[in-house]
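Structure record follows, encoded as structure tokens.
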Amino acid sequence: MLCWGPPSITLPPTTYSIHPSNMAPGESSLEAQAPRRSSRISGQAKVEAPAPAKNPRKPSKARTKRAAEEVDNDEKNKKAKANEDETVNDDDNDIADPAPIDIGDILPSMTLKNEKGEDIDTGSIAAEKGVVLFLVPKADTPGCTTQACGFRDIWQEFTSLDYDVYGVSADSSTAQGKWQTKKQLPYPLISDPKRSLIGALGAADGNRTKRSHFVFEKGGKLLDKKMPVKPVDSPRLALEFIKGLSE
């Protein structure tokens with residue numbers, strides 16, 4: 001005998017209908033049916049935990065001691081350098097800023113060069129005769145040439161009164177030698193590049209030389225000085241002063 005069970009019923013697949021009003025623009029029905037992920041969750045940045053800090057390595061006692069010794073040596077070197085610089089500066093000031101001489105003072109003794117590069121002792125040039133020193137800012141320039149040629153033109157009148165004439169500038173001996181030859185200057189020139197003598201006479205003005213002249217009697221005592229003075233007047237005023245001494 002055959003037994004018949006209830007007949008099997010096959011159901012059609014379930015479909016869902018999506019109304020167009022619930023779909024995003026350009027979205028298909030399949031995309032609309034797919035589950036959506038929250039934008040708030042997906043937009044959050046991932047925060048990584050900071051790496052644990054490493055324990056710094058402690059310097060050894062030997063390294064610490066060596067570093068301390070190096071710092072101590074640096075301090076000692078700095079102090080020694082400061083003392084050395086202070087000594088040098090003091091020496092420079094003694095040379096660069098001598099007290100200028102005044103009427104009645106003696107011509108200072110310094111070893112300088114003449115236009116030939118020969119040593120000359122300024123303290124001895126007035127031992128036998130009186131001396132006129134005229135100072136110019138720069139050799140072979142218009143004003144200085146006027147002053148130098150003025151002394152050249154009346155040089156014999158100075159020598160007849162037992163006075164020698166010397167030109168002084170901060171130019172090199174070579175520059176002075178060329179100037180002397182070019183203008184036929186009959187008297188010697190003294191090169192004073194550090195302005196040592198120029199400063200002692202009170203005619204140094206920083207890196208410049210004040211135009212001036214100084215009259216020393218035999219023996220080296222300062223009798224007269226003109227500073228500043230015009231180039232054309234300097235030779236005449238020096239000669240007039242010397243002539244006035246014998247009157």
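Here are a few things to note about the model shown:
- Average Cα contact separation per residue, region 111-245, under 8 Å, 6 or more apart, as relative contact order %: 32
- Projected label distance in nm at residue 178 and residue 162, using a 7 Å step from Cα toward the beta-carbon: 4.0
- Coupling constants for region 106-113 follow from the phi torsions by the Karplus curve (6.51 cos²θ - 1.76 cosθ + 1.60, θ = phi - 60°), and in residue order they are 8, 4, x, 9, 9, 9, 10, 10 Hz; glycine and proline get x.
- Linear extension gain, residue 245 paired with residue 124, 0.36 nm per residue minus alpha-carbon span: 41.3 nm
- About its Cα centre, region 111-245 has a charge dipole of approximately 440 debye under the convention of +1 per Lys or Arg Cβ and -1 per Asp or Glu Cβ, with nothing else charged.
- Cα pair count fraction exceeding 16 Å, expressed as % - region 183-247: 56
Readers should treat all values here as calculations from the given coordinates under stated rules, not as data from a laboratory. These figures come from a predicted structure and were not determined experimentally. So basically every Cβ, Gly included, is an ideal-geometry build from the backbone, and we count neighbours across all protein chains shown.
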